Amino acid sequence: MKYLIGLGHELKDISLKGIEACKESDLVFLESYTSLSNFKIEELEKLIGKKINILNRSDVEEKKPFTENSALLIYGDPLSATTHKDIISDKTEIIHAPSIFTSIAETGLELYKFGKTLSVTFWSKNYKPESFFDYIEQNQSINAHTLMLLDLDPINNNFLSIKDALEQIISISKKRNFFINENTKFLLCARIGMKDSIIKYSSYNEIKDFDFGKAPFCIVLPGKLSFIEEELLKKY
């Protein structure tokens, strides 16, 4: 049996089932590129009682170094990132854990009212993709909330900040004559699901000098809010 095991957000989010699967496996791997944690690998090794082999994207997607009795640990839920669906077979057991797609409900927004999720990627001088903004427009057209995951490169310690992501979104909005501007309110989130999480319901002008601390980050542009959602957002 091969296992895909979710680690959730923090050290103790891994399930008892996940720990047992690690103990039963000959080899345990950890993919290191779709997210990051607030704990050390040594702490996780002590918890599961096994040595952990770190894999980068090419290891997982090209080399696929899995035996029939191995486990791959994945931050959040094992199927939240589409890259992991390619390594599922009929001998793979999936062990789920908390992820951004459930933890975002901590903001007070109703999960069933979210539309398409998108990623806001790094911009460079000669590379400024804006196709993600199509999803914002589509979600707004049906009054749905939009979850935006901010790009990250943990291996090179590079993380797209909330401020930079908002600047991209506002820039595209002005170009397309959309309604988003420096005073538009977003839910701005850092380290959702962790003990030191930060959630603010603010505009770019209100947070441009605020330090959100370490990644991971995400942004939510609310759609049409219910009365209950409006009340819950007041605390942020």
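For segment 168-200, which trypsin sites (Lys or Arg not before Pro) pass both filters: DSSP loop (anything but H, G, I, E, B) and at most 10 other C-beta atoms within 10 Å? Sites meeting the loop and neighbour criteria: K195. For the chain, the longest principal axis of the Cα atoms and the long axis of helix 162-176 meet at an angle of about 50 degrees. Compactness check for segment 88-165: Cα Rg over 2.2 N^0.38 Å is 1.36. Report summary: the helix-based calculation at 222 nm, which adds -39500 (n - 2.57) for every DSSP H run with n ≥ 4 and divides by the residues of the chain, gives -6500 deg cm²/dmol.
In segment 102-233, what percentage of the DSSP-assigned beta bridges are antiparallel, given to the nearest 5? Once the DSSP bridges in segment 102-233 are tallied, antiparallel ones form about 80 percent. Using the Cβ-Cβ distance between N143 and M1 with R0 set to 45 Å, the FRET efficiency works out to roughly 0.55. Per-residue 3J(HN,Hα) values for segment 210-217, derived from phi via the Karplus relation 6.51 cos²θ - 1.76 cosθ + 1.60 with θ = phi - 60°, read 8, 9, 7, x, 7, 6, x, 10 Hz in sequence order (x marks Gly and Pro). Taking each residue as 0.36 nm, the span from I88 to F101 lengthens on full extension beyond its C-alpha to C-alpha distance by 2.6 nm.
Using 0.36 nm per residue of separation minus the Cα-Cα distance, give me the extension gain between K175 and D151 in nm, one decimal. Let's see the in-between values first.
Details: separation 24, 0.36 × 24 = 8.64 nm, distance 2.20 nm.
Gain in length upon complete extension: 6.4 nm.
Legend: Rg and Dmax of segment 2-98, from Cα coordinates, 11.8, 33 Å. When both bridge partners sit in segment 2-98, DSSP labels roughly 5% of those beta bridges antiparallel. Loop-located trypsin sites (Lys or Arg not before Pro) across segment 1-54 with a Cβ neighbour count of 11 or fewer within 10 Å are K40, K51, with loop assigned by DSSP.
Relative to the present Cα-Cα distance, how much length would full extension add between K23 and S124 at 0.36 nm per residue of separation? Stretched out fully, the K23 to S124 stretch lengthens by 32.0 nm. Over segment 102-233, the hull volume per residue, using the convex hull of the C-alpha atoms, is 117 Å³. Inter-label distance, I41 to S161: 2.9 nm, where each label sits 7 Å from its Cα along the C-beta direction.
Looking at the chain alone, DSSP beta bridges between its own residues are antiparallel in about 45 percent of cases.
Note on N183 and D209: their simple-model spin labels are 2.0 nm apart, each label 7 Å out from Cα toward Cβ.
Here the alpha carbons of the chain define both size measures, Rg and Dmax, at 18.9, 56 Å. Amide H contacts for A71 (H built 1.01 Å from N in the peptide plane; partners 5 or more residues away or on another chain; cut-off under 5 Å): Y3, L27, V28, F29.
Read-outs throughout are calculated quantities, based only on the coordinates presented, and are distinct from any laboratory measurement. The model shown is predicted, which means the values in this text are computed figures rather than measured ones. Ideal geometry is used to build each Cβ from the backbone, glycine not excepted, and the neighbour counts take in all protein chains shown.
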